[in-house]
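The values are calculated or read from the model by the stated rules, or taken from the named source; none is laboratory data. Because the structure is predicted, anything quoted here is derived from the model rather than measured. Backbone-built Cβ (ideal geometry, glycine too); neighbour counts: all protein chains shown. Quick note on the areas: whole protein, heavy atoms, side chains included, nothing else; ligands and nucleic acids left out. Shrake-Rupley method; radii C 1.70, N 1.55, O 1.52, S 1.80 Å.
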Amino acid sequence: MRRMVMMAGAGLLGLSLAGCNDEGKIATGTPVAGGASATAMLATASGGSAGRATATEVAGGVRFTVDASAMPPGTHGAHVHMVGRCDAPDFATAGGHWNPTQAKHGAMNPQGPHHGDLPNLVIGNDGRGTVGATIPGATLAGMLDADGAAMVIHAQADDLKTDPSGNSGGRIACGVFQPA
């Protein structure tokens, strides 16, 4: 079962999305003592700071949190990409979404989601927003392979179902994960 919790602004919005019906088989979100973590500092194509993303091993998976700033207001796709490169202007060097299970894109896709899928990031009028999700079965060792991984923020909302990227548009911010 994939559970995703979205946080908007300073408050916690308890939104739970179920990806399948394996209720109770995986307990995720409990921090692992001495669990590994990684951080990605997000930047725009012009090099401006856009916040940071963290990945932390928890019981049964990896917890991702994005704390964005100085971003355009609205709803944006947020995805873990499979290559640890963020070359401007379009961040295409980050490759496709992290997908070690070869699933389809999106929590609303019956053949998805894959490990790189996160809930949409909602940015307020102040340019700030936060989103978090625990990805069951994911590991930092799997994510931080020989070519690394990156967090990418897209220009538009992710429709959570269309392969390969949910029609989320161009890449507007990117950060390479570095082990903490």
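Within the stretch 109-150, count every residue that is within 15 Å of V80 (Cα to Cα), modelled with pLDDT of 90 or more and among the acidic types (D, E).
2
Which ones in the stretch 159-180 are crowded, with 23+ Cβ neighbours inside 10 Å and polar (S, T, N, Q)?
Matches in the stretch 159-180: S168 only.
Consider the stretch 159-179. How many of its residues are within 16 Å of A88 (Cβ to Cβ) and outside any strand (DSSP E or B)?
Step one: filter the stretch 159-179 for residues within 16 Å of A88 (Cβ to Cβ), giving 170-176.
Subset that is outside any strand (DSSP E or B): 170.
Summing the residues that are within 16 Å of A88 (Cβ to Cβ) and outside any strand (DSSP E or B) in the stretch 159-179 gives 1.
If T93 meets every condition in (1) under 17 Å from M41 (Cβ atoms); (2) open to solvent by less than 60 Å² (accessible area, probe 1.4 Å); (3) part of a strand (DSSP E or B) apart from one, which number is that one?
Condition not satisfied by T93: (3).
Hey, among the residues in the stretch 133-148 that are in a loop (DSSP other than H, G, I, E, B) and closer than 14 Å to T56 by Cβ, which one's least open to solvent (accessible area, probe 1.4 Å)? Break it down stepwise before answering.
So the first thing to find is which residues in the stretch 133-148 are in a loop (DSSP other than H, G, I, E, B), and the list is 137-139, 144-148.
If we keep only those that are closer than 14 Å to T56 by Cβ too, we end up with 138-139, 144.
Values: A138: 6, T139: 64, L144: 47 Å².
Checking each candidate, the answer is A138.
Please go through the stretch 150-167 and give me each residue that is in contact with a strand residue (DSSP E or B) (Cβ under 6 Å, 6 or more places away or on another chain) and under 23 Å from T39 (Cα atoms), ordered by number. Before the answer, list the steps.
Within the stretch 150-167, the subset in contact with a strand residue (DSSP E or B) (Cβ under 6 Å, 6 or more places away or on another chain) is 150-155, 157.
Hits for the stretch 150-167 are A150, M151, V152, I153, H154, A155.
Looking only at residues that are in a strand (DSSP E or B) and in contact with a Ser or Thr (Cβ under 9 Å, 6 or more places away or on another chain) in the stretch 113-122, which one is most open to solvent (accessible area, probe 1.4 Å)? Write out each step before concluding.
Quick first cut of the stretch 113-122, residues in a strand (DSSP E or B) only: 117, 121-122.
This time we only want the ones that are in contact with a Ser or Thr (Cβ under 9 Å, 6 or more places away or on another chain), so: 121-122.
Details: L121: 0, V122: 57 Å².
My answer is V122.
Given the options N125, N109, name the one that is in a loop (DSSP other than H, G, I, E, B), touching a residue at least 12 places away in the same chain (Cβ under 8 Å) and either touching a strand residue (DSSP E or B) at 6+ places or on another chain (Cβ under 8 Å) or open to solvent by less than 30 Å² (accessible area, probe 1.4 Å) (or both). Working first, answer last.
Details: N125 fails: either touching a strand residue (DSSP E or B) at 6+ places or on another chain (Cβ under 8 Å) or open to solvent by less than 30 Å² (accessible area, probe 1.4 Å) (or both).
Result: N109 is the single residue among N125, N109 that is in a loop (DSSP other than H, G, I, E, B), touching a residue at least 12 places away in the same chain (Cβ under 8 Å) and either touching a strand residue (DSSP E or B) at 6+ places or on another chain (Cβ under 8 Å) or open to solvent by less than 30 Å² (accessible area, probe 1.4 Å) (or both).
For V58, indicate whether it is open to solvent by less than 10 Å² (accessible area, probe 1.4 Å), in contact (Cβ under 8 Å) with a residue 40 or more places away in the chain and out of contact with any Lys or Arg (no Cβ under 6 Å at 6 or more places or on another chain).
Working: open to solvent by less than 10 Å² (accessible area, probe 1.4 Å): no; in contact (Cβ under 8 Å) with a residue 40 or more places away in the chain: yes; out of contact with any Lys or Arg (no Cβ under 6 Å at 6 or more places or on another chain): yes.
No; evaluated as a whole, the condition is false for this residue.
All but one of (1) surrounded by fewer than 18 Cβ atoms within 10 Å (Cβ to Cβ); (2) without any contact (Cβ under 8 Å) to a residue 24 or more places away in the chain; (3) of a type outside the set (A, V, I, L, M, F, W, C) hold for P73, so report the exception by its number.
Every condition holds for P73 apart from (2).
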